[in-house]
């Protein structure tokens, strides 16, 4: 056999000729690999690239701003071959996007700021690029060369991957999966970002006139895809190419379990009442699965107790779903396995059935009335290895026969001693069958098992081999083999028995737990707990028990994996709840027995109208229902046969006749269904393109959007769904077909008196109040959502990118989201924001809705704010005057403008600044008050409408007439460059600020005081220009208005303030003293930490790199202290050291990003208020009231249709049987409400307009 290793490339055919067949010598042939040009195709060849073209592109961009505009249409950073060129290109785009010049000087400074200048070859290399380019005018052509080489490189990479996939297929990998991945690799090559060509207006007029003429010729009927609802088509003119339509309804109620139902998780247990979106459960294959949706608690539902053959009882509602085998499916599987009656394939399979269905068919309709339904057990929990303090087998032995007060155990089997010693522990015999184990002193105490024998949770959720070793230790000591071949474990410790039950069930075995009375020393020890389970696996290490188990199992083979449902009995209703998980089978484990259970149609009517009635090609990508379920619903709708009768096998002869009549028409409909699990956006796009090319696709339906997966690591689920929304819109435009995305409404309607859904009820859409202030990047100011809504302005705002860096992004729209309950969220820094419960905030684990946050959670807030993109300077005299007047000035109406101070330096500064306005300050000394005031009168008589120039100036800034508690920092200050902001703060702090060194406490005290909360908040925002973090605290004073103090804390923070801002006047001397003292002390690094949840990521990296925690501590230069490290949040510097040790870019990012993790201290309901939201494409977030918040997903849609069924809320509603299709958004026309009939027994909506 000639394998790949035998190939050789030394014989080369002449260029231009085909390679000849090699001669074979002896037993092994030498094969020459030659490409179609006669060249070698070895892997040592360099990938396609053109460094000269890359240099010319970058040189041209550095020379000409026009060249940048030409190039960005054609290239992305990954198109460059050299990593240094990628970094330079990325930097040029960053500066260009911010409106800043991109030349060698600015690029060099930006790269140095990022720490990448040396990596690209230093500043001289930038000048080399400019010297290399022949002319900047040809940059677009050079970009085409770079782009072509990038496509060829991707083609080479895809070919290499396909070759590897082929060999994997030859080694036994699934062929279908190999082919699918190969196709995806090719589609990745063709997945190129292209910009649409510009088209002159005259070229667009004729096609538009043709469409208008066609509409008129059909009596006003549009060319769009008909929805099947006449009234809706009249409003929308059908669904048009390029449109994205969201069809949203509330999640179906039902499919629920009782709140106290235990649910296993990878870290232990939770309950149905406690689990939330984003939590992790375990699926039927034993793998972790994420909860993607969860209902509110539901009451008044019909409930049942479902009892299983092992004694497990689960309370579920009537609509809860179970994947069950029946007698028919078990028989079919047995016949297929044995070839009985010539059967080769199984004909009947397990199906998803509701609790109500199971109750109706609990027993077979046979004379013996045998049980019908069974549920297969779960597979062993598939969890990663854990670093355990004690070898699992040794712990099992000690738990089984050990002394609870120390590291000793009793055994008559020397083989157990040998196995313990094989784990690396010394065993010391003490006589009378007693042995001692030499363990590290605190191990058993650290595990918490001394005096309280139990299995720690980290062992119950360790890897399968670790758990099997633990079980072997338990069974070798206290286990036995029954005559039937079953394994039994007996113990008098109830907690240990329950933990062992958890262990056994987690290994995929069906286990029963019984008790019996025994003679014990106390009442507690007089009850024996017997755990019995059956398995063919080797569960013993002790040879004598292993042989007995093997022999008795051979004599008595038994079914080990299934549980029969023995009873389903109605009970009084209890509160229930349901979740939805992201695995393709929609199964998760429930109850202590870990039984697999299942989770939880207008789009289908659109597809029927498109394909069945009008013969247009449509496709349904279903991520929830199987293709069989979809087809069954379609047959029910078209033939008007009750869906329940179809599922239950109760169809009448008339039903069969109607079905036969409709079958031919339905079978000819060009409708495609894809129910592939975990479909990614790329797979949907690739399949849709193929259908468009081959079948003239006219309509795409996706059911439903919240179940989509990106197929890659993402920052958060919220942002991922927002990206899906944008990508679906782009798909609609690219293929020129309407895309209908089915979505879920949140539970907003249930919480309102009026249950009618609103646009704000879209699941991923959160809301803020009208006075929420948004941080602008263009001019540095803050604007409220109300101001932006009124003006219609689309500002550039600061946003966090995927690296958690502050970047400028356009805010494309602000819109109303109705009236909803609002909560005030307050952070430890004093920041406050008002938002709805479903509005997402950035956490270390991604974007999390406010309603799922709790006190103690930590949110991302900016730790630094860059200069505005377009700073507007102000004369220094005005900056100085403004700082002093806001602090210690009085400018109320009908009173002289005054300034008061005890500091001569401040008085001189104001006097000099007044001359800028032509004003001569008049000094008034107040000896009793030990202070001096300055009057700032007009330099002329105030006649004929003339005003004091300082008063007029203050009026322009919006300050004139304000009292102390109303003052704020005007927008003009936020628009200043960094140096002038520092000048303003320096003089402002000289008024109501304080800087001193506290000898007793050994620390600096720096704060600013005011009775105006907004002023204090504004100052806090300005400090972020310097990266200075601060904290706002209320300062109540009896009998007076509350004051507010803004504290600058932490030695590092304070030094930045003192060095880069400072304080004017006498307080400046105190500032110098404080600065000198601070330089001599080490700062407290624990004031700026990363949430401790990051340690989970670190532990995962350690496991992947096979580095022990002790080795990690040594590499970090710290003392190993067991689990103590993981209990505290790491400082940024500590995390940076960890990132360097582990060479992990993600950790380094979290240690060096632009966010500070602020702590939630309070959440208070403020009642219902009008709420609003905004859209920021790309990053999908903005800074609101100083906190990073997510935006809404809805704005990518051209049309939003909300479904409202009044009788879903009130069964006796007079409009029972009707549904409203609420056209809540229609970009190309009016909004409206269309009433249709819902015939859910036929799984369809019907058009009332048809009579």
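Rule-based calculations on the coordinates, nothing more; no lab input. Small disclaimer: the values here were computed from a predicted structure and weren't measured. Reconstructed Cβ throughout: ideal geometry from the backbone, glycine too, with neighbour counts over all protein chains shown.
Expressed in Å, the radius of gyration and Dmax of the Cα atoms of the stretch 51-190 are 18.5, 57.
Applying the Kirkwood pairwise sum to the alpha-carbon positions of the stretch 964-1043 produces a hydrodynamic radius of 13.8 angstrom.
A simple packing score, the average count of other Cβ atoms within 10 Å per residue, orders the peptides 735-741, 356-362 as 735-741, 356-362, with the highest score first. Among 592, 863, 698, the ranking by other beta carbons within 10 Å of each residue's beta carbon, starting with the fewest, stands as 592, 863, 698. Computed FRET efficiency, Cβ-Cβ of residue 417 and residue 259, R0 51 Å: what is it to the nearest 0.05? After rounding, the FRET efficiency stands at 0.60. Applying 1/(1 + (r/R0)^6) with r as the Cβ-Cβ distance of residue 69 and residue 1040 and R0 = 45 angstrom yields a FRET efficiency of 0.15. Our note on the geometry: Cα centres of the stretch 453-470 and the stretch 381-441, 14 Å apart. Per-residue extension of 0.36 nm, minus the Cα-Cα distance of residue 922 and residue 1123, leaves a gain of 65.5 nm for this segment. Counting neighbouring Cβ atoms within 10 Å and putting the fewest first, the residues 398, 269 line up as 269, 398. The distance between label points at residue 524 and residue 1165 comes to 4.3 nm (points 7 Å beyond Cα on the Cα→Cβ vector). Seen from every direction in turn and averaged, the convex hull around the alpha carbons of the stretch 1089-1152 projects onto 3.7 nm². If the segment from residue 367 to residue 299 were pulled out straight at 0.36 nm per residue, it would be longer than the present Cα-Cα gap by 20.6 nm.
A compact globular protein would have a Cα radius of gyration near 2.2 N^0.38 Å; the ratio found for the stretch 1014-1146 is 1.42.
Quick one: order 282, 666 by neighbouring beta-carbon count within 10 Å, fewest to most.
Fewest to most other Cβ atoms nearby, the residues stand as 666, 282.
Ordering 56-69, 1111-1124, 1163-1176 by mean Cβ neighbour count within 10 Å, with the highest value first, yields 56-69, 1163-1176, 1111-1124. The simple Förster model, with R0 at 60 Å and r as the Cβ-Cβ distance, assigns residue 979 and residue 186 a FRET efficiency of 0.65. Annotation for residue 1114 and residue 668: the two label points, set 7 Å from Cα along the Cα-Cβ direction, are 7.9 nm apart. For the stretch 392-560, taking Cα atoms only, Rg and Dmax work out to 15.6, 47 Å respectively.
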